[in-house]
Amino acid sequence: MITNALHQRLQALSAEQRRYTLLSLPAHLAMAGQAERLRNLLLDMHYLSAKIALRGPESAINDYDLALTPASRSPSNALWLVQRALQLSAHVLSTDVCQLAGQLLGRLQSYTDPDLQRLLSQAREWNGATWLRPLAPSLMSPSGPLVRTLTGHTNVVTSVAITPDGQYAVSASADHTLRIWDIFTGESRITLSGHTAEVNAVVVMPDSHYAISASSDATLKVWNLRDGSEYLTLRGHTDEVYSLAILPNSRLVVSGSGSPSSPVDTAIRVWNIDIGKAICTLHGHTGRVNTLLALQDGHRIVSASEDDTLRVWDIRSD
């Protein structure tokens, strides 16, 4: 084990030298074929704590990709388990690295791998700031289905959409904002601000470049996902806009509105994004339109409402 030697070496270095060592050492070991030394490094509490404090949890998580192959990513590999535990803990560690020991103990105590148990022994003896020491594996296991937790919104998250390329998620919230998330790193890349009330729904255009949001401020907004700018505001509803759908193979977006108790506007509007206007309005529901789905034929819509009905619409007949 290299724990004591590594800790002493890091403490003896200047701040700049320590930074360089923490950033470059895993890659140097991997390039030199020093697989065992790299494994020891990645199972060292002093290294993990210092690396996360310097660059955040994602930097430490990425180091494990230098040592893991597709075939070795399984619960039988201590490195894979630690990487997954760090992914599960990233939203905690990004704000408080002092919780590293508690997070590892809470997620990994049930595993018997000797190398993993040595890491947990270091965690139990950790003398950082105040932290809670779990006596049992009380947190989500790294071999379970959960991969990450994304935090940042300050109120209810009402809706989420995935870009067609599978790289990003766009979330809508009652905190009046939307956020663009990197699904693989958990990073909140951009916050979209502009609505003045709860954001109830969001959809992403097939080109992955634009998202449309619906809000209780009675508007829809079109956002440029590349830079987070507001591209267009669509006005026409006179009540909360609650549901959205995109008509396949087109630039048409469908919105449904209505407030929960005493709806004023229960219409469905079909918008052409290119001209920024509603091209037709569908009347018939007497309660809020909660959900909209577009059929693959590109011209039929199914709506679900608080008036206890579903309706099928053909926009060619408006």
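With every protein chain in place and a 1.4 angstrom probe, the accessible-area ranking of His209, His28, His195, His46, largest first, reads His28, His209, His46, His195. Over segment 18-107, what percent of the accessible surface lies on carbon and sulfur atoms, probe 1.4 Å? That share works out to 53 percent.
Calculated accessible area for segment 151-307 comes out at 42 Å² per residue, all protein chains present (probe 1.4 Å; ligands, DNA, RNA ignored). Less than 5 angstrom separates the built amide H of Thr291 from those of Ala304, all sequence-distant by 5 or more or on a different chain.
For segment 181-225, the mean projected area of the C-alpha convex hull, equal to one quarter of the hull surface, is 3.4 nm². Packing order of peptides 110-119, 82-91, 307-316, 255-264, highest average first: 82-91, 255-264, 110-119, 307-316 (average count of other Cβ atoms within 10 Å over each peptide's residues). Where only DSSP H runs of four or more residues are counted, the chain gives -8500 deg cm²/dmol as its mean residue ellipticity at 222 nm, each run worth -39500 (n - 2.57). Of the accessible area of segment 188-318, computed with a 1.4 Å probe over protein heavy atoms only, carbon and sulfur atoms account for 47 percent. For the chain, the longest principal axis of the Cα atoms and the long axis of helix 114-124 meet at an angle of about 80 degrees. Select from segment 249-290 those trypsin sites (Lys or Arg not before Pro) which occupy a DSSP coil region and have at most 16 other Cβ atoms within 10 Å, ordered by residue number. Here the trypsin sites (Lys or Arg not before Pro) that fit, given the DSSP loop and packing criteria, are Arg251.
Looking at the square roots a ≥ b ≥ c of the eigenvalues of the Cα gyration tensor of segment 61-159, which shape do they give, rounded for a/c under 1.5, prolate if a/b is larger than b/c, or oblate? Oblate shape, in that a/c is at least 1.5 and b/c is the bigger or equal ratio.
The values are calculated or read from the model by the stated rules, or taken from the named source; none is laboratory data. Just so we're clear, the structure is a prediction, and the values are computed from it rather than from any experiment. Neighbour counts run over all protein chains shown; Cβ positions are idealised from the backbone, glycine included. In case anyone asks, the SASA skips ligands and DNA or RNA and just uses the protein heavy atoms, side chains included. Shrake-Rupley method; radii C 1.70, N 1.55, O 1.52, S 1.80 Å.
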